[in-house]
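Below is one structure, written out as structure tokens; the observations come after it.
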Amino acid sequence: MLARDLIRAHVLPSSEEDDAAHVALAAVHGMDILLTWNCRHIANVIAAPGIRGVIERGGYRAPTITTPADLLAALGEMP
């Protein structure tokens, strides 16, 4: 249902059901971090507030959404 809410709120396109499921599963299962290379819809600074809002309105804590490269850079492990 959370995946459906992400699409209904237009924070993810209706054509991207798999992306919505990816985000929703991470939230529902309490993941702290969601790693993805999908910068078009998921790891997107424009979409992030909307995604976070839908997740939190659904009663879940939103994971930090980032790319593997950005996570490694934040950890100081990228050259």
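In table form, for the structure just shown:
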| item | result |
| --- | --- |
| Under Karplus coefficients 6.51, -1.76 and 1.60, residue-wise ³J(HN,Hα) of region 57-67 in Hz, glycine/proline x | 5, x, x, 10, 8, 6, x, 6, 9, 8, 8 |
| Among [x] 18, 15, 11; [y] 22, 13, 10; [z] 27, 19, 10, the entry derived from the coordinates for semi-axes √(5λ) of the Cα gyration tensor in Å | [y] |
| Rg ratio (alpha-carbon, reference 2.2 N^0.38 Å) - region 40-79 | 1.37 |
| Computed magnitude of the charge dipole of the chain (debye, nearest 20; Cβ of K, R +1, Cβ of D, E -1) | 260 |
| DSSP-assigned coil residues among GluC sites (Glu not before Pro) in the chain, each with at most 14 further Cβ atoms within 10 Å | Glu77 |
| Nonlocal amide H pairs with Ile65, under 5 Å, H built at 1.01 Å | Leu34 |
| Charge-dipole axis of the chain as Lys and Arg at +1 and Asp and Glu at -1 on Cβ define it, positive-most pick from Leu6, Gly30, Thr66 | Leu6 |
| Loop-located trypsin sites (Lys or Arg not before Pro) in the chain, at most 10 other Cβ atoms within 10 Å (DSSP) | none |
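Values in this text are rule-based calculations from the coordinates and carry no lab data. Here the structure is a predicted model, which means the values were calculated and not measured. Cβ sites come from the backbone with ideal geometry, for glycine too, and all protein chains shown count toward neighbours.
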